[in-house]
Amino acid sequence: MKFVQVEGKFPLESAIWKDSYRFPHRLLKRIVHGLLQEEKDSTLLLSRFQEYLEYDDVRYYTMTVINERIAQVNRGTKEALPPIFLNNVFGLLSAINMPVEGELSNFLLGQKEKEDDWKPAKLKEQKKAFERVWMGFLKHKLSVSLYKKVLLILHESILPHMSNATMMIDFLTAAYDVGGAISLLALNGLFILIHQHNLEYPDFYKKLYSLLDPSVFHVKYRARFFHLADLFLSSTHLPVYLVAAFAKRLSRLSLTAPPQVLMMMIPFICNLIRRHPACLPLIHRPSAERDLTSDPFVMEEQDPAKSRALESSLWELEALQNHYYPSVVRAANVISRALSTQENDVSELLELSSYEVGQTGLCVHTGNYHINKSLCCRFLVTNSS
């Protein structure tokens, strides 16, 4: 890049097109092409190049060259692009920190002539280039691991800097329909498009409902999923049957959930009931109806409208009052009293670990017995390592 800077000050040839000015586009192109190799991982080289992307002119021209490089590798082939190449491209794209607002003035090469016509100095043009390069990248088939990496940064590092974020609708809806962890990660981007760009997704809640299965308690992105689910279910204008279905499905899943998840899930369910008082019959039905064999709820039904949740009750929460973890018992006992109108803050419970639950749940007085706290905690540390 030192050579780029020197050639910019002492150009080897006159500018051929208006937008090039004195920027050594050809030299930068050779550098970027060297970084984006098809068969060799360039992670270390990319980490060194990343610092130059803070310069507005380098960033702009790098994005245009990436687009050219993708087109070059894709030319003449109908097969998927090489995985190593796509990983290199993502590594370079994810290193781009776009300016949010204000005048662009951080240039590797000073531009004194025709400043008003110079695209790298315009935030609007930077956003257009950013949008083009990402759309050009995402239209190609990505590996599952790369898919996840893109979705992890999409809501913070990509969507806010696109001039037309709705262009990502097809990518996000396709990701949401994949299922599993991919669907969980797509929620962040969809949340932005639905609430900030008025995206209409008719089957959104039906799909969200179908994601509630035992595996969701054990994925790495569990905290993020429940945080977003809480946001999506926060509206008081949602149909009662829909909220009841979510509350009931979570209650049924709670019977096999680990303690650290239950400590979050029970307050989560209670918050749903608080937001929608019409769901209170779910916890106030006569005990005679609280039986698995006579429960009308259809757990296997993927459509919340057909689950018959409103005809059921949350007897599962009452069953948790006999749980072996004292902390879970205390949390479940809340349904035996009148629910307060104030919601519980579940944010601190989203990433609760089994060790943290163990410290509060096992190291307590239980009946006539006292479990030695120091011995208990040593046991937990030994078994968690």
Restricting things to alpha carbons, find the Rg to Rh ratio for the range 241-352 using the Kirkwood radius for Rh.
0.93
From the backbone phi of the range 158-170, what are the Karplus-calculated ³J(HN,Hα) couplings (6.51 cos²θ - 1.76 cosθ + 1.60, θ = phi - 60°) in whole Hz, Gly and Pro given as x?
10, 3, x, 9, 8, 5, 9, 5, 5, 5, 8, 4, 4
What share of Cα pairs, in percent, lie more than 18 angstrom apart in the range 33-115?
48 percent
Could you tally up the Lys pairs in the range 21-177 with alpha carbons closer than 21 Å? Skip any pair fewer than 8 positions apart unless they're on separate chains.
21
The range 135-151 - phi-based ³J(HN,Hα) in whole Hz, Karplus 6.51/-1.76/1.60, Gly and Pro as x:
5, x, 6, 6, 6, 8, 6, 10, 5, 4, 5, 6, 4, 5, 4, 5, 5
Mean separation of Cα contacts under 8 Å (6+ apart) over length of the range 104-185, as relative contact order %:
29 percent
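First check a/c for the range 37-83, with a ≥ b ≥ c the square roots of the eigenvalues of its C-alpha gyration tensor; if it is under 1.5, answer rounded, and if not, answer prolate when a/b is larger than b/c or oblate otherwise.
On the way: a/c = 4.47, a/b = 1.56, b/c = 2.86.
Since a/c reaches 1.5 but b/c is at least a/b, the shape of the range 37-83 is classed as oblate.
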Just the projected area, averaged over all directions, of the convex hull on the alpha carbon atoms of the range 173-309: how many nm²?
8.3 nm²
For the range 300-311, 3J(HN,Hα) per residue [Karplus equation, 6.51 cos²θ - 1.76 cosθ + 1.60, θ = phi - 60°, Hz, x = Gly/Pro]
6, 6, 8, 9, x, 5, 10, 7, 6, 5, 5, 7
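Computed from the coordinates by the stated procedures, all read-outs in this text should not be read as laboratory data. Since we're looking at a predicted model, the values are computed, not measured.
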